[in-house]
Each structure stands twice: as C-alpha cells, then as structure tokens.
Amino acid sequence: MIYHGIRMKLREGITSQQIDEALDCLKDQGRTIPAVKSFIFGREYHSDFDWSAVFALEDLDAYWEYLIHPVHLTSERVAFPLIERFESFDISDTPHPELGAKIAELQKRHYEADPGLAELLSGLDSHTGSSALGHRG
C-alpha cells in the first residue's frame, strides 16, 4: 500500500467561496476515484500548513490511475492557484528499494503530459516532496 500525502498552505486574500470549492474538490478525490482505497482529509493544527490529506493507493498502477483521474486533475486546477506552499510525500508499508524513484517518475510523466498543470505548479511559492517539479527521486 502507498499512502500519498499532501499538505497545503493557502494564499492570503482568497475568498471563502474559493476555499470551499478547492476543499470540495479535494474531498471528491477520496470519494470518487476508484483507485483510492481510503482517505483522510482535514485541517492541520499546530503547523505552518492549513490543510492536509492522505490517500491510500494499493500500488503504482493505482497511483497512476489516481494522478490521471479527471477528478484529481480538476482538483489540481482549482486548488493550485490558491496555494502558497505545497508539500507532497509518500509512505509505503511494502519495502521496495526503487519505489521512491518509480513514484517520482509517475509524477514527472503526469506533469509532462499536461504542461498547463506544470505551469500552475511552477507558480507556487514553495513546492516540495514527491510531486515537486524537477524531482527525480
């Protein structure tokens, strides 16, 4: 199992309506993407991030299905313009020496297939972790 996590710090000055739309999109990822086995989404406390989510994905095929699912793509397009800082990470209970590199390659393919999405990401003040542009594992 791969647990894909994201952490977000929202920009100042966005409206509550924009926030609600972005959060609804993120929740929809867990509710509607078949590859997601379970998820948790909510506010972060006692940190510099505002919201976080973790999605449980069975394997690399499920990870790819999650990345390219239309609900995930919509979520990225809605949320990225509202985010100041974005961090992603992956945890797995299955030891595999090349898993990190394989995840990074999936993320790279995802952004190469959609230059507009990569452009949105490049507009973030900070983007770190497994989904960071230029990350090669």
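Coordinate-derived values only; no laboratory data. All of these numbers come straight from a predicted model, not from anything done at the bench. Virtual Cβ from ideal backbone geometry, glycine too; neighbours counted across all protein chains shown.
Tabulated data
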quantity: For Kirkwood radius over Cα pairs in Å, calculated from these coordinates, the label among [x] 15.7; [y] 15.0; [z] 21.6; calculated: [y]
quantity: Label-point gap, in nm, between residue 46 and residue 27 - each point 7 angstrom along Cα→Cβ; calculated: 2.6
quantity: Cα-based Lys proximity count in the chain, under 23 Å, for pairs eight or more positions apart or on separate chains; calculated: 4
quantity: For region 36-137: relative contact order, % (alpha-carbon pairs under 8 angstrom, 6 or more apart); calculated: 26
quantity: Largest-first ellipsoid semi-axes for region 50-89, taking √(5λ) over the Cα gyration tensor eigenvalues, angstrom; calculated: 20, 13, 7
quantity: Ranking of 112, 21 by count of other Cβ atoms within 10 Å, fewest first; calculated: 112, 21
quantity: Estimated 222 nm signal from helices in the chain, with DSSP H stretches of n ≥ 4 weighted -39500 (n - 2.57), rounded to 500; calculated: -13000 deg cm²/dmol
quantity: Residue-wise HN-Hα coupling along region 28-41, computed from phi with Karplus coefficients 6.51, -1.76, 1.60 (Hz; x: Gly, Pro); calculated: 4, 4, x, 7, 10, 7, x, 5, 7, 7, 7, 7, 9, 9
quantity: Inter-probe distance in nm under a simple model that places probes 7 Å from Cα toward Cβ, at residue 73 and residue 60; calculated: 2.3
